[in-house]
Amino acid sequence: MARVLSTTCDSLRRLVVAAATSRSKVRRSSGWMQAISPARVLQRSAKAPALELQDLQGKTHRLADYKGKVVLLNFWATWCGPCQAEIPDLVKLQAKYRDDLVILGVSVDDTPDKMRPYAAEYKINYPLLLGAGRTDVLNAYGPILGLPSTFIIGRDGIVTKKHSGMATGEQFESEVKPLIDAHAGSAGEWNDL
């Protein structure tokens, strides 16, 4: 495990350096990761980009479907150790705040056949969306140079926080709770996502 993490960290470090020194595409072997120009970096306090992805059952989820709710958008993969470590806390958060919070897990390169047993093993209680091959979504929220990458989106559709790398359940809760407690009627920006 330590060797895998070390190799992954080294690969990510090389990608970050390459992205910083070149405007050309930088790809990981599975093809999900690419560096993009700094002008396209999603900023905190920006309106969340539109998102439309299918879940494991083929149902389409649009970010606009969750108008008026706080959204925790988590980009992850089954092979990612830190992603695995976050899942139990995400499951607890979804159960605790299910009326006001929706967690969306976007798998960056896994197939439905690989994700189904994984979802059952981890008892995932939130939608898992298929992001493989969807560079449009990854670029809209990017650059996503490492996993997990998490965006917290307020009831008004504004990105309030971005985590690059693992965060604890306590961190996530301390960030979503004030948004949940905020006035439930403030959903004005969502109508055109």
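Residues of segment 131-158 that are closer than 12 Å to L51 by Cβ and part of a strand (DSSP E or B): F151, I153. Might you let me know whether segment 110-128 holds any residue that is under 21 Å from K162 (Cβ atoms) and touching an Asp or Glu at 6+ places or on another chain (Cβ under 9 Å)? Among the residues of segment 110-128, at least one is under 21 Å from K162 (Cβ atoms) and touching an Asp or Glu at 6+ places or on another chain (Cβ under 9 Å), which makes the answer yes.
Condition test on G142, is it crowded, with 20+ Cβ neighbours inside 10 Å, in contact with a helix residue (DSSP H, G or I) (Cβ under 8 Å, 6 or more places away or on another chain) and not hydrophobic (A, V, I, L, M, F, W, C)? No.
Please verify whether S45 is modelled with pLDDT of 50 or more, open to solvent by 30 Å² or more (accessible area, probe 1.4 Å) and part of a loop (DSSP other than H, G, I, E, B), treating the condition exactly as stated. Reasoning before the result, please.
Values: modelled with pLDDT of 50 or more: yes; open to solvent by 30 Å² or more (accessible area, probe 1.4 Å): yes; part of a loop (DSSP other than H, G, I, E, B): yes.
Considered against the rule, which asks whether it is modelled with pLDDT of 50 or more, open to solvent by 30 Å² or more (accessible area, probe 1.4 Å) and part of a loop (DSSP other than H, G, I, E, B), S45 comes out as yes.
Among the numbered conditions (1) modelled with pLDDT under 95; (2) more than 14 Å from the chain's Cα centre (by Cα); (3) not aliphatic (A, V, I, L, M), the only one that D89 does not meet is (1).
Those strands (runs of 3 or more DSSP E) of segment 56-129 in which at least 3 residues are open to solvent by less than 10 Å² (accessible area, probe 1.4 Å), considering only elements entirely within it, cover 70-76, 101-107.
The values are calculated or read from the model by the stated rules, or taken from the named source; none is laboratory data. From a predicted model like this one, the values you see are computed outputs, not experimental measurements. In this analysis, Cβ positions are derived from the backbone assuming ideal geometry, glycine residues included, and neighbour counts consider all displayed protein chains. These accessible areas exclude ligands, DNA and RNA; they are computed on the full protein's heavy atoms, side chains included. Shrake-Rupley method; radii C 1.70, N 1.55, O 1.52, S 1.80 Å.
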